[in-house]
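Heads up, the thing below is written out as structure tokens.
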Amino acid sequence: MKKSYLVAALPGDGIGKEVMDAAIELLAAVGVSIGRTFHIVRHPAGAQHYLDSGESLPTETLDACRAADAILFGAMGLPHVRGADGTEIIPQLDIRFALDLYAGVRPIRTWPGLPSPLASTRASEIDLVLVRESTEGLFYARGRGVMEGEAALDTMKITRHGTTRVCDFALQLAQQRKAQGKRGHVTNVDKANVFLSMAYWRQIFEERAKAFPDVSTDSAYVDAMALNLVMKPWAYDVLVTENMFGDILSDLIAALVGGMGMAPSADIGDDYALFQPAHGTAPDIAGKGIANPTAMLLSAAMMLDWLAHRHGDSVLADGARQIESAVQRAFSEGAVLPGEFGGSSKTADITRAVIERLG
Ligand code: ATP
């Protein structure tokens, strides 16, 4: 049985570096607790690296990602660092395309002890996962936009292959959640009433849903979903959607539980997987040591779950449960309160509080 795992760490820019330090500290402690070693090697990439070297995602870094058992990613991009076409330097998008990480998995749940931005007491029931297609959709247009006189055109691309695999991923996830006693329901989110591309997406979703008779499904338009996710987020289990809609709704669902610092994520493909907080580099708070590291710590737990499944090493899943339960206790015991929730706990305070409650 494998006892040591190689992890490629890409801290990136801004608070990406700060929350990555927290995750590395946490994984060292979890490793001791479960009898596994995480050999974590930092690699350069990001907007600052682009300024320093002319490269945002060096080939050596991408090769190291391919050679590792898993990839941990902080955050990348700085508002003032832009390419010739005016768009930001965003290597996380390049990695998704390079490693074919097609399923962006964004779980959200309420944590007892933290104030909720929603007034309803049912907010305590929020427990959903958004699955965002991450290799095509409207993001296909990135770097391919065309100018026609004074009009700019970006193209949305929806393929049978790309849609089938991400819908299957969401349907399988719902099956797994059902086995854990959750609802096991997938809501497809699209705009099939307006766009051919989205009507095709819905047709494929409905075809694939038939192959999973134990999973209940429905479909909704993205505008109605923006409303319902605020009005009754507790009603949803698994959502699956196109790349751009997923980008927007991920931030919306993070807000439902208090902010970006609570939203972990995974970008999963058939051969590789990358784990990163759903937030960006947060230049407004970078360098102050006040970023909430929870999203990154929970992303590390998602990495352990994925590695456990891939290598048949259930001890790693125990490590993931230890992290989740330590986070839960740190907040429910009132040991720390992140700045996003009006508290004054610093990144290091939150990391320490979680590590102290492991095991
Ligand atoms: P990107 O486009 O790269 O995803 P973004 O424009 O969505 O980035 P973020 O960097 O995620 O922006 O920041 C959005 C807001 O959330 C900012 O006010 C930022 O300070 C806050 N924020 C993000 N992450 C955290 C965190 N870990 N802790 C505290 N506040 C955070």
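For residue 343, indicate whether it is out of contact with any strand residue (DSSP E or B) (no Cβ under 8 Å at 6 or more places or on another chain), over 30 Å from residue 4 (Cα atoms) and of a type outside the set (S, T, N, Q).
Values: out of contact with any strand residue (DSSP E or B) (no Cβ under 8 Å at 6 or more places or on another chain): yes; over 30 Å from residue 4 (Cα atoms): yes; of a type outside the set (S, T, N, Q): yes.
Here the answer is yes, as residue 343 does meet what is asked.
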Which count do you get for residues in the range 258-281 that are aliphatic (A, V, I, L, M) and within 13 Å of the ligand (Cβ to nearest atom)? 4
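Please find, among 93, 99, the residue that is touching a helix residue (DSSP H, G or I) at 6+ places or on another chain (Cβ under 9 Å), in contact (Cβ under 8 Å) with a residue 60 or more places away in the chain and not β-branched (Val, Ile, Thr).
Values: 93 fails: in contact (Cβ under 8 Å) with a residue 60 or more places away in the chain.
Going through 93, 99 in turn, just one is touching a helix residue (DSSP H, G or I) at 6+ places or on another chain (Cβ under 9 Å), in contact (Cβ under 8 Å) with a residue 60 or more places away in the chain and not β-branched (Val, Ile, Thr): 99.
Would you check which residues across the range 292-301 are near the ligand (Cβ under 10 Å from one of its atoms) and either more than 21 Å from residue 71 (Cα to Cα) or among the hydroxyl-bearing types (Ser, Thr, Tyr) (or both) and list them? Break it down into steps so the answer makes sense when it comes.
First, the residues of the range 292-301 that are near the ligand (Cβ under 10 Å from one of its atoms): 292-296.
Selection gives 294 alone.
Report yes if residue 86 is in contact with a Gly (Cβ under 9 Å, 6 or more places away or on another chain) and assigned by TED's automatic domain parsing to the domain that holds residue 314, otherwise no.
Details: in contact with a Gly (Cβ under 9 Å, 6 or more places away or on another chain): no; assigned by TED's automatic domain parsing to the domain that holds residue 314: yes.
So residue 86 does not fit the description; no.
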Kindly list the number of the only condition in (1) within 30 Å of residue 13 (Cα to Cα); (2) of a type in the set (D, E, K, R); (3) assigned to a helix (DSSP H, G or I); (4) free of Cβ contacts under 8 Å to residues at least 40 places away in the same chain that fails for residue 288. (3)
Quick one: how many residues across the range 75-88 are within 11 Å of the ligand (Cβ to nearest atom) and in contact with a helix residue (DSSP H, G or I) (Cβ under 6 Å, 6 or more places away or on another chain)? 4
Does the range 24-83 hold any residues that are over 21 Å from the mean Cα position of the chain (by Cα) and of a type in the set (Asp, Glu), and which are they? 52, 55, 60, 63
Give me the pairs, please: first residue somewhere in the range 38-62 and touching a residue at least 12 places away in the same chain (Cβ under 8 Å) and more than 17 Å from residue 79 (Cα to Cα), second residue anywhere and of a type in the set (S, T, N, Q) and in a helix (DSSP H, G or I), beta-carbon distance under 8 Å, and either six or more positions apart or on two chains. 43/61; 44/53; 44/61
So which of 255, 308, 320 ends up being away from the ligand (no atom under 16 Å from the Cβ), part of a helix (DSSP H, G or I), within 20 Å of residue 110 (Cα to Cα) and among the hydrophobic types (A, V, I, L, M, F, W, C)? 320
Take the residues in the range 187-239 that are touching a His at 6+ places or on another chain (Cβ under 8 Å) and hydrophobic (A, V, I, L, M, F, W, C); name whichever of them is surrounded by the fewest Cβ atoms within 10 Å (Cβ to Cβ). 215
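The values are calculated or read from the model by the stated rules, or taken from the named source; none is laboratory data. Since this is a predicted model, take the numbers as computed values, not measurements. FYI the Cβ positions are ideal-geometry reconstructions off the backbone, even for glycines, and counts take in every protein chain you see.
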